[in-house]
1. Before rounding to the nearest 500, sum -39500 (n - 2.57) across all DSSP H runs of length at least 4 in the chain and divide by the residue total; then give [θ] at 222 nm in deg cm²/dmol.
2. Taking R0 as 56 Å, what FRET efficiency do you get between residue 70 and residue 295 from their Cβ-Cβ distance, rounded to the nearest 0.05?
3. For segment 139-281, give the share of DSSP beta bridges that are antiparallel, in percent and rounded to the nearest 5; count only bridges with both residues there.
4. With the Cα gyration tensor of segment 138-292 in hand, convert its eigenvalues to equivalent ellipsoid semi-axes via √(5λ) and list them largest first in whole Å.
5. Which distance in nm do the two modelled labels at residue 112 and residue 252 give, with both placed 7 Å along the Cα-to-Cβ direction?
6. With the calculation restricted to Cα positions, what are the radius of gyration and Dmax of segment 2-327 in angstrom?
7. For residue 188 and residue 271 in one chain, what is 0.36 nm times their gap in residues minus the Cα-Cα distance, to one decimal in nm?
8. Across every pair of different alpha-carbon atoms, what Kirkwood hydrodynamic radius in Å does segment 23-144 reach?
Amino acid sequence: MFKKISVAVLTLALALPLGAQASPIVIKFSHVVATNTPKGAAAEYFKKLAEERTKGKVKVEVYPNSQLYKDKEEMEALQLGAVQMLAPSLAKFAPLGLKEFEVFDLPFIFDDYKDLHAVTQGPVGAKLLKKLESKGLMGLAYWDNGFKVMSANKPLKNVADFRGLKMRIQSSKVLDSQMRSVGAIPQVMAFSEVYQALQTGVVDGTENPPSNLYTQKMHEVQKYVTVSNHGYLGYAVLVNKKFWMGLPADIRATLEGAMKDATKYANDIAKKDNDDALAAVKKSGKSQIITLTPAERQAWKKTMDKAHKDNAARIGNDIVQEVYKATGYNPN
């Protein structure tokens with residue numbers, strides 16, 4: 001009887017399609033922001049495309065809001081293979097020894113998305129992603145978040161308004177220089193801790209694209225938001241190189257196609273999401289929106305240009321000059 005059952009089970013197993021027998025390939029995709037941000041929405045869109053196009057051979061598990069790892073932990077987790085995919089902000093690569101990526105943190109280096117995409121979608125962007133391979137990582141794409149605003153519990157219009165304020169930044173020498181150039185005191189802090197730090201006065205203000213400011217409710221504990229568009233926050237979608245190159249070639253090609261379409265989706269929604277978030281902040285009445293005059297913005301730019309001078313050699317003069325050429329940036 002046992003022998004007959006075994007033969008029947010074996011016959012049934014052989015009759016099933018190969019994909020029905022094999023467990024799906026799991027991609028754990030960890031990130032630190034909310035689902036209803038450009039990055040959060042793009043991660044969910046990639047999941048949808050990847051699972052549909054591989055017909056269930058790949059399962060993408062998305063973990064938003066630092067559910068698995070905080071800022072400082074996630075890169076190590078990716079290198080160790082504890083997760084397979086991240087989309088960290090571009091400021092996160094300097095601790096890996098890739099200081100060139102801090103070129104994206106230079107204040108006022110991009111006037112608009114056209115300038116930005118000349119870099120991220122051009123040869124300079126591709127050259128930078130290639131450098132990740134020496135760290136056991138691969139860069140698949142750049143995803144936009146948007147241009148940053150400043151927030152604080154006092155109006156920030158003139159350079160002198162920053163003096164003595166404790167301003168939260170990501171871990172970046174460039175952002176440190178930017179804040180010091182206007183007399184502020186930079187405070188490095190994990191993104192998940194910022195709301196409480198603002199609420200309790202541990203820091204006085206911060207910089208973020210409006211979508212991050214709004215979805216993390218920072219506007220509820222900040223009285224003023226200045227639409228400065230002084231800097232850019234974007235992400236690189238990374239995978240563990242060993243994992244990625246170990247995928248079957250057809251699966252990898254399908255996932256690359258899904259990533260290409262998810263990237264277009266991410267970049268298409270970024271500007272609208274930030275415009276909508278800024279409108280929502282204004283509508284809430286909890287923060288007063290300040291718009292800089294051209295003269296005030298130029299004064300910020302002239303002062304913050306010190307961050308370019310202080311960091312060009314550290315980032316790499318060649319990369320800085322290549323970005324200047326691509327964007328038409330003229331240092332003061």
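Computed from the coordinates by the stated procedures, all read-outs in this text should not be read as laboratory data. Only a predicted model underlies this, so the values are computations on that prediction, with no experimental measurement involved. Note that each Cβ is placed from the backbone with ideal geometry, even for glycine, and that neighbours are counted across all protein chains shown.
1. Details: 14 runs with 155 residues, N = 332.
Theoretical 222 nm ellipticity from helices: -14000 deg cm²/dmol.
2. On the way: r = 40 Å, r/R0 = 0.71.
Calculated value: 0.90.
3. Bridges in segment 139-281 that DSSP calls antiparallel: roughly 70 percent.
4. 34, 18, 13
5. 3.9
6. Computed over the Cα atoms of segment 2-327, radius of gyration and Dmax are 22.0, 87 Å.
7. Numbers: separation 83, 0.36 × 83 = 29.88 nm, distance 2.63 nm.
Between residue 188 and residue 271, full extension yields 27.2 nm more.
8. Working: mean 1/r = 0.0644 Å⁻¹.
Every distinct Cα pair counted, the radius reaches 15.5 Å.
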